[in-house]
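In what follows, a single structure is set out as structure tokens and then discussed.
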Amino acid sequence: MDRQPATAGRSIRRFTLGSGPLKRGSDRLEFLSRLLLTAVLLAAVAVALAVATATYSLGRSEIAQETADRHRVSAQLQEEAAAPGGGSGNGMDVGRAPAVWTAPSGAERSGPVPARLGAEAGSTVLIWVDDDGARTTRPLGTGDVVGRALGAAVLTYLAIAASAIGAHLAVRRLLDRGRSRRWEAEWALVGPVWTGRVP
């Protein structure tokens, strides 16, 4: 029962680098650096959430725009679908074939479209086109936007955290160098006295 408070107290003392008359100015600076690092890491969570929210809102606008601008139409294959480059296969079950389709304006358009390998001429496949009838990709979905927002949040947090940790480590390195120089200077004064007393 008493071990838990003792462990918590030891952790706090370790974080604050102890206290008392033996605490050096460099120890206080390192403690301040630790406090700043903790504050930045906590603030980075809020920044990452704000980035995720903004990215998600922008993505929702893109979904609305693309859903309005893109249409799914049937394209009729003019030839049997074959693997790209005329090979026997590409490790997947998708080939390409020339096809024709009708644009939203009513004009007939043509071009190569993806289709199941071996799909016969005259069969139809569904494709996405823009308002002019040119082939395009499918509109963004909610899953795409959520993934993009999560990715942006994670990258933002990692970038801030890496910068803060790097700065903290640089401060510690500088403080450790100063401590080593002071220790060597003090030992140069005290060391000969001590070593002279050793038989």
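No value in this document is a laboratory result; all are computed from the given coordinates. Just so it is clear, the model here is predicted, and its values are computed rather than measured. Ideal geometry is used to build each Cβ from the backbone, glycine not excepted, and the neighbour counts take in all protein chains shown.
Can you tell me the length gained on complete extension of the stretch His71 to Thr137, counting 0.36 nm per residue apart and subtracting the Cα distance? Please list the in-between numbers first.
On the way: separation 66, 0.36 × 66 = 23.76 nm, distance 1.00 nm.
That pair, His71 and Thr137, stretches by 22.8 nm at full extension.
Read phi for every residue in segment 161-178 and hand back ³J(HN,Hα) as whole Hz from Karplus 6.51 cos²θ - 1.76 cosθ + 1.60, θ = phi - 60°, with x for Gly and Pro.
Values, residue by residue: 4, 4, 5, 5, 5, x, 5, 4, 5, 5, 4, 4, 4, 5, 5, 5, 5, x Hz.
Counting only the backbone N, which residues of segment 128-156 are under 14 Å from the spot 7 Å out from the Cα of Arg60 toward its beta-carbon?
The answer is 142-143, 145-146, 149, whose backbone nitrogens lie closer than 14 Å to the label point.
Under 5 Å between amide hydrogens, which residues at least 5 positions from Glu79 or on another chain qualify, with H placed 1.01 Å from N in the peptide plane?
The list, which skips near neighbours in sequence, is Gly122.
Show the residues, 5+ positions off or on another chain, whose built amide H is closer than 5 Å to the amide H of Leu117.
Long-range HN contacts for Leu117: Val94, Gly95.
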